Amino acid sequence: MDTDLLSMAELSSLLEANYISFAPNKGFSSVAIDSRAVKEGALFFALEGSKSDGHEFVKAAFAAGAGGAVVSSSKIESFDLVNLANRMGKDLIAVPNTLKGLQDSARVYLEKFPKLKKAGITGSSGKTTTKEIAASIISCEKNTVMNKGNLNSETGLPISVFDVRSHHEVGIFELGMNRPNEISEIAEVLKPNIALVTNIGAAHIEYFGSKEKIANEKKCIFKYLNKEDVALIPDSDEYADDLADGVAAKIKYFGADRFEEFEGARSLGLEGTEIIWAGEKIRFALPGKHSLEDALAAIAIAKEIPVSSNSIVKGLESVKPLFGRLEILNGRRATVIRDCYNANPESTARSIEFCDSLEWPGRKIYVIADMLELGNSSAQEHQKIGFILSVSGAKKIFLFGKEIEETAAYLADNRDDFFYSKDICCLSSALDNFIKKGDLVLLKGSRGCALERLTDMLTGGC
């Protein structure tokens with residue numbers, strides 16, 4: 001067993017759970033919530049979902065090498081788990097609720113590392129990019145750990161926490177949400193020393209009803225800060241005052257005017273951004289105004305660690321684009337801006353604005369798909385995108401999805417050069433017949449639309 005991890009007996013004791021052991025003194029080397037992802041010596045958490053129950057897969061997890069499982073006390077008899085564990089020589093930790101058990105396990109595990117400086121990041125957009133930039137900067141000086149990919153949810157954040165080891169000095173974790181109270185729950189797991197909100201937008205408004213309620217949920221990241229900790233708030237956000245209200249920690253604002261070392265920036269088009277920091281010119285690979293905003297947010301975190309100005313320069317220069325987040329793909333057929341990892345009204349507007357601002361010798365083609373999880377605001381927000389597209393610099397606009405129909409309806413009254421389909425094959429065929437060498441194509445839409453399926457056809461298989 002990894003000596004940084006708890007033994008199953010220790011974990012059971014800290015959780016005040018019922019420990020049923022058929023393999024005394026066994027520890028665990030990793031955690032898993034999917035039996036297919038179990039590694040030898042893992043501890044499996046049997047989570048109860050809307051579509052499946054993890055208790056159905058305890059046997060598969062044991063067979064794959066899990067040494068034990070955290071299970072619901074109420075499910076032990078119905079799934080005959082004691083006999084199963086006995087036959088296979090495994091351990092059970094029985095708790096009232098396995099999701100809370102996972103979160104509580106991560107919380108008590110993190111308490112083993114009191115010297116770890118923990119930064120938490122949330123916001124409507126830019127969380128992952130800000131985290132990656134901050135890690136690039138801080139890891140120049142400090143041994144740093146962070147969430148892999150976007151493992152930022154009620155389950156993803158706790159699982160990520162188990163990557164912390166005793167040699168780590170800084171942990172940088174993003175916190176996402178899809179429902180009320182989720183930020184509060186996972187902030188209790190992390191208990192960050194530094195907490196940052198990137199911005200407040202309409203992402204996930206389906207679950208909250210208004211941006212005000214989203215702001216109230218996002219500010220729960222500050223809930224567990226004490227007076228020695230730091231809350232970082234974007235100075236230009238319309239909800240900055242709301243975010244600061246009632247926060248017990250030291251409040252600091254970040255933005256272009258908040259760092260005396262920041263001497264300006266200029267767009268390099270698709271090549272990225274030139275940032276001048278403390279007299280040095282930095283070639284920052286991520287293009288667009290919002291990428292610069294993410295960089296400034298990351299710098300705000302780095303300065304609280306703190307790290308040197310030299311590390312800020314070195315870290316910014318080392319940043320690479322992430323999949324689906326303003327990736328520039330120079331194909332034999334067309335140049336593609338793949339910005340389709342996710343979409344909300346603010347990020348879609350920014351992507352269109354960025355493409356409009358580019359000096360480009362050929363045609364610009366915008367492929368825009370549904371912005372999901374907008375609830376009752378969906379029609380209105382898609383109509384707003386319709387207006388933005390109607391005055392955009394696109395030679396032609398291609399729309400895809402069900403909810404984007406509102407955008408199509410707006411364009412039908414205000415612009416002729418667009419195509420709309422709910423069928424990805426029809427969309428692909430229409431694009432295939434239209435694009436030509438030298439075109440610039442923007443792909444922007446929510447993750448569920450999977451616009452990256454168009455990449456090979458558009459680029460010619462670059």
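The values are calculated or read from the model by the stated rules, or taken from the named source; none is laboratory data. Model, not experiment: these values are computed from the prediction. In this analysis, Cβ positions are derived from the backbone assuming ideal geometry, glycine residues included, and neighbour counts consider all displayed protein chains. SASA here: full protein model, heavy atoms, side chains in, ligands and nucleic acids out. Shrake-Rupley method; radii C 1.70, N 1.55, O 1.52, S 1.80 Å.
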Residue check, I233 within 20 Å of the chain's Cα centre (by Cα), without any contact (Cβ under 8 Å) to a residue 40 or more places away in the chain and buried (at least 22 other Cβ atoms within 10 Å of the Cβ): yes
Number of positions in region 60-89 that are in a strand (DSSP E or B) and surrounded by fewer than 22 Cβ atoms within 10 Å (Cβ to Cβ): 0
Close pairs (7 angstrom Cβ cut-off, 6 or more residues apart or separate chains): outside any loop (DSSP other than H, G, I, E, B) in region 316-334, open to solvent by 60 Å² or more (accessible area, probe 1.4 Å) and acidic (D, E) anywhere: none
Qualifying residue in region 184-192 (condition: open to solvent by 70 Å² or more (accessible area, probe 1.4 Å) and among the polar types (S, T, N, Q)): no
Residues satisfying the stated conditions in region 13-41, i.e. touching a Gly at 6+ places or on another chain (Cβ under 9 Å) and either under 18 Å from L110 (Cα atoms) or of a type in the set (D, E, K, R) (or both): L15, K26, G27, F28, S29, S30, D34, K39, E40
Flag if S105 is buried (at least 17 other Cβ atoms within 10 Å of the Cβ), outside any strand (DSSP E or B) and either at pLDDT below 95 or not acidic (D, E) (or both): yes
Residue among G246, G201 that is open to solvent by less than 10 Å² (accessible area, probe 1.4 Å) and either farther than 24 Å from M371 by Cβ or in a loop (DSSP other than H, G, I, E, B) (or both): G201
Residue check for E10: over 19 Å from V161 (Cα atoms), of a type in the set (D, E) and assigned to a helix (DSSP H, G or I): no
Criterion violated by E261 - all others in (1) open to solvent by 40 Å² or more (accessible area, probe 1.4 Å); (2) within 24 Å of the chain's Cα centre (by Cα) satisfied: (2)
Search result, residues across region 20-40 that are assigned to a loop (DSSP other than H, G, I, E, B), open to solvent by less than 40 Å² (accessible area, probe 1.4 Å) and more than 19 Å from E10 (Cβ to Cβ): V38
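Matching residues to (1) in contact with a strand residue (DSSP E or B) (Cβ under 9 Å, 6 or more places away or on another chain); (2) buried (at least 20 other Cβ atoms within 10 Å of the Cβ); (3) not acidic (D, E):
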{"residue": "D91", "(1), (2), (3)": "yes, yes, no"}
{"residue": "P96", "(1), (2), (3)": "yes, no, yes"}
{"residue": "F113", "(1), (2), (3)": "yes, no, yes"}
{"residue": "L116", "(1), (2), (3)": "yes, no, yes"}
{"residue": "G123", "(1), (2), (3)": "yes, yes, yes"}
{"residue": "N143", "(1), (2), (3)": "yes, no, yes"}
{"residue": "N152", "(1), (2), (3)": "yes, yes, yes"}
{"residue": "S166", "(1), (2), (3)": "no, no, yes"}
{"residue": "N178", "(1), (2), (3)": "no, no, yes"}
Region 249-258, subset open to solvent by less than 70 Å² (accessible area, probe 1.4 Å) and not in a loop (DSSP other than H, G, I, E, B), residue nearest to H290 (Cα to Cα): F254
Options A134, A106; residue that is farther than 23 Å from S30 by Cβ and touching a helix residue (DSSP H, G or I) at 6+ places or on another chain (Cβ under 6 Å): A134
Residue within region 264-277 that is of a type in the set (S, T, N, Q), assigned to a helix (DSSP H, G or I), under 22 Å from L442 (Cα atoms) and open to solvent by less than 50 Å² (accessible area, probe 1.4 Å) present: no
